[in-house]
1. Would you mind finding the one in M107, M113 that is in a strand (DSSP E or B) and at pLDDT 95 or above?
2. Quick check on G69: is it modelled with pLDDT under 95 and under 16 Å from H35 (Cβ atoms)?
3. With W202, W189 as the choices, which residue is more than 14 Å from the ligand (Cβ to nearest atom), touching a strand residue (DSSP E or B) at 6+ places or on another chain (Cβ under 8 Å), at pLDDT 95 or above and not acidic (D, E)?
4. Please pick out the residue among A142, A168, A138 that is of a type in the set (A, V, I, L, M), more than 8 Å from the ligand (Cβ to nearest atom), at pLDDT 95 or above and over 18 Å from E96 (Cβ atoms).
5. Right, V163: under 21 Å from L44 (Cα atoms) and touching a His at 6+ places or on another chain (Cβ under 7 Å) or not?
6. What single numbered condition from (1) under 16 Å from the mean Cα position of the chain (by Cα); (2) near the ligand (Cβ under 9 Å from one of its atoms) fails to hold for H127?
Amino acid sequence: MRITGAEILAHPQSQLKTVFPISVDADRVGTDRSHYIKTERLVLRRLRPHDVGDVTALVSDWDVAKQAGSIPFPYTTADAVDWIAYADAAWERGSEYIFAIERGTDMRLIGAMGMRLKRGWQGPKGHIGYWIGKPYWAHGYASEALGAFKSFCLNQVGMLHLVGTVFADNERSVRVLEKNGFYRQRLQWRTYPDRGGKRKVWVLQWSPGSVDAMS
Ligand SMILES: CC(C)(COP(=O)(O)OP(=O)(O)OC[C@H]1O[C@@H](n2cnc3c(N)ncnc32)[C@H](O)[C@@H]1OP(=O)(O)O)[C@@H](O)C(=O)NCCC(=O)NCCS
């Protein structure tokens, strides 16, 4: 099964069988519930059960959900409950690290960002996904969060290669990745039964040596 962008952030429990844990210095990440990443305007922290309401409200917007291949739609409270439980279990297994994104000024949950570890022929790759609630778009939040999250993936988890897979018409997301040093590696067709069938996707990659436009 292929994943794209934000869909890793809303995987139903039933798809867990496609995940396999890889220990890439996962012990350095720890399972500390208080683990967080701070940026100038944001705090990335682990999801909590009481995030269900905010997650449901933000992801149930088609403009957010449509950019992921398998976020359920309509998106319900039950989907958010399952996803938060999934995120917790995946973190404990060391197979995926998903953070809620909070705005620093009022600690409002505005989005989420995660990395799933997968084996690739060059070694482990971290597949990045994210979403920002529509009311919070165009403030540079995704770009800012990704800058810090990328450091977490590289320095704390120990990844060498990061990948983002984006519907080709999702220019905003391509831009967020490119601003953080990802480059367009290939354009290909993939099938997403719940998103109109065959879709063109960009696979963007970050590897050592990629130029980071944010720094
Ligand atoms: C993609 C998404 C995360 C971007 O969040 P955001 O916080 O608004 O992003 P940022 O403000 O950091 O950056 C957006 C960039 O896209 C640019 N942009 C906006 N609309 C654009 C368009 N139609 N075409 C090209 N670039 C566009 C912005 O100008 C900005 O770049 P800049 O800082 O160089 O000006 C958000 O729109 C979202 O969650 N969408 C739905 C879910 C999704 O697409 N997830 C990713 C799946 S791969």
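The values are calculated or read from the model by the stated rules, or taken from the named source; none is laboratory data. All figures in this text were calculated on a predicted structure; none of them were measured in a lab. Counting neighbours? That spans all protein chains shown, and the Cβs are built from the backbone with ideal geometry, glycine included.
1. Numbers: M107 fails: in a strand (DSSP E or B).
None of the other options fit; the residue is M113.
2. On the way: modelled with pLDDT under 95: yes; under 16 Å from H35 (Cβ atoms): no.
No: the conditions fail for G69.
3. W189
4. Values: A142 fails: more than 8 Å from the ligand (Cβ to nearest atom); A138 fails: more than 8 Å from the ligand (Cβ to nearest atom).
Within the list A142, A168, A138, the selection yields A168.
5. Working: under 21 Å from L44 (Cα atoms): yes; touching a His at 6+ places or on another chain (Cβ under 7 Å): yes.
Answer is yes for this residue.
6. (2)
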